[in-house]
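Comments concern the structure below.
The values are calculated or read from the model by the stated rules, or taken from the named source; none is laboratory data. Everything quoted here is computed from the prediction, not taken from an experiment. Note that each Cβ is placed from the backbone with ideal geometry, even for glycine, and that neighbours are counted across all protein chains shown.
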Amino acid sequence: MMLLWAALCLWPASGLSGPPAAQPAVTIKGVDGEVQMPLLGIGTWQYNNSVAKSAVVSAFGLGYRHVDTAAAYQNQVGVGEALAELKLKRQEFFITSKIPGGLNASATAAAADSCLKELGVDYVDLMLIHFPADFGKNGSKKERQVEWTALEAWAKSGKARAIGISHFCRRQLDDILEVAHVPVAVNQVQYHVGMGSAGRMATDDRDYMRQKGVLYQSFSPLCGPCNPPDNKELLTGALVTGIGKKYKKTGPQVALRWLVQQGIPVIPKSHVPDHMKENSEIFDFELSEQDMTLLTKAQHPAVGGGPSASDSGDRGIEEELVV
Ligand SMILES: NC(=O)c1ccc[n+]([C@@H]2O[C@H](COP(=O)([O-])OP(=O)(O)OC[C@H]3O[C@@H](n4cnc5c(N)ncnc54)[C@H](OP(=O)(O)O)[C@@H]3O)[C@@H](O)[C@H]2O)c1
């Protein structure tokens, strides 16, 4: 664990003024070599433009330098307004966006261009294909390959520093790898305390992703969309708060630390500045090996949690179920 942690870099590059003094980052495989991705970002799912704007302004004021959004969130205009208002140099922050799955070549380029337009930027740091199929769960190997190839061409024109996927399982990753000329940088999937010992179907083939050099990234790190009572377990539950007492840290801080200590980037969502601050204070302590193991063994909250348990294309597209 110590070795992995030591291998992480700091974001932003030296020489930049203002907060954050040092935000740990992890290396991902970009279109033209390595790219540094901050381990902490602010999530924006389900926020409208106005809430997304104020969340990003608050989070960046507290030192965040990474925002996660998507075409499907319909809040990129708000995110872009916040970024413009902050007046940071473009290289000082990291934007992840996503285009829908299931697009043909021209629709892929058009959707990705539209993200840039809404965000008001010339490029994103990471563009993901949101789903291995369209949101109606219709998709095929051929369609995935067409979309990936079109995304590569789009990114190579300087519009994304890295590209990746979200909700993909092993077989769907293999579809992409068959045709890929640009590395698949990241697979963004649901992952949090409670899923550390879950099987490969729940974890979107975590170990295979890693074996293939694809960075495994957590969404819903606090089990936000999980059904009650699971949705509070990583905030006020006995396991995380009990461990937190030893380190003078809160439940969310322990839950997030368990992820970043493994080199897994997190994008907790909050519209409450005190919560954002709390969620950012996770780089000044280290969980013991024993506590990491306890958190990894936890079977709760929900494995593949809450309403999204069956939403991934790998489970939604019946003919592609991996057995
Ligand atoms: N690729 C995908 O398909 C996908 C799917 C889901 C999510 N995501 C990304 O991942 C991000 C995070 O996931 P998520 O939004 O599902 O949920 P989450 O970050 O796991 O949890 C968010 C919830 O936790 C609460 N919270 C956050 N910090 C807290 C704290 N310190 N104390 C108490 N409550 C706290 C928030 O409420 P308050 O606002 O009251 O703090 C909010 O209700 C998303 O916003 C999105 O960017 C991606």
Members of the range 61-112 found to be out of contact with any Pro (no Cβ under 6 Å at 6 or more places or on another chain) and charged (D, E, K, R), listed by number: Asp68, Glu81, Glu85, Lys87, Lys89, Arg90, Lys98
Hey, Pro252 in contact with a Cys (Cβ under 8 Å, 6 or more places away or on another chain) and either crowded, with 24+ Cβ neighbours inside 10 Å or under 26 Å from Arg65 (Cβ atoms) (or both) or not: no
Extreme residue, modelled with the lowest pLDDT, among residues of the range 153-173 that are surrounded by fewer than 20 Cβ atoms within 10 Å (Cβ to Cβ) and out of contact with any Phe, Trp or Tyr (no Cβ under 9 Å at 6 or more places or on another chain): Arg171
Criterion violated by Lys87 - all others in (1) loosely packed, with under 15 Cβ neighbours inside 10 Å; (2) touching a helix residue (DSSP H, G or I) at 6+ places or on another chain (Cβ under 9 Å) satisfied: (2)
Residues (of a type in the set (D, E, K, R), within 8 Å of the ligand (Cβ to nearest atom) and surrounded by fewer than 18 Cβ atoms within 10 Å (Cβ to Cβ)) located in the range 264-280: Asp274
Those residues of the range 135-144 which are crowded, with 16+ Cβ neighbours inside 10 Å and either without any contact (Cβ under 8 Å) to a residue 40 or more places away in the chain or assigned to a loop (DSSP other than H, G, I, E, B) (or both), in sequence order: Lys137, Gly139, Lys141
Close pairs from the range 188-217: first of a type in the set (S, T, N, Q), partner in a loop (DSSP other than H, G, I, E, B) and within 15 Å of the ligand (Cβ to nearest atom), Cβ under 7 Å, at least 6 apart: Gln190/Ser220; Gln190/Gly304; Gln190/Gly305; Thr203/Tyr191; Thr203/Met195; Gln217/Ile264; Gln217/Pro265
Sole residue being touching a Phe, Trp or Tyr at 6+ places or on another chain (Cβ under 7 Å) and at pLDDT 95 or above, chosen from Ala150, Ala180: Ala180
Single condition Lys156 does not satisfy, out of (1) in contact with a helix residue (DSSP H, G or I) (Cβ under 8 Å, 6 or more places away or on another chain); (2) of a type outside the set (S, T, N, Q); (3) within 19 Å of Ala110 (Cβ to Cβ): (1)
Which listed residue, of Val186, Val182, Val193, is surrounded by fewer than 24 Cβ atoms within 10 Å (Cβ to Cβ) and among the aliphatic types (A, V, I, L, M): Val182
Wholly enclosed strands (runs of 3 or more DSSP E) of the range 19-121 bearing at least 1 residues away from the ligand (no atom under 16 Å from the Cβ), touching a residue at least 12 places away in the same chain (Cβ under 8 Å) and in contact with a Lys or Arg (Cβ under 7 Å, 6 or more places away or on another chain): 23-30, 33-38
Residues satisfying the stated conditions in the range 289-302, i.e. more than 16 Å from the ligand (Cβ to nearest atom) and at pLDDT below 95: Gln299
Matching option when the condition is charged (D, E, K, R) and at pLDDT below 95, among Glu286, Glu281, Glu233, Glu318: Glu318
Helices (runs of 4 or more DSSP H) fully within the range 146-263 counting 2 or more residues that are within 14 Å of the ligand (Cβ to nearest atom): 230-236, 238-247, 251-260
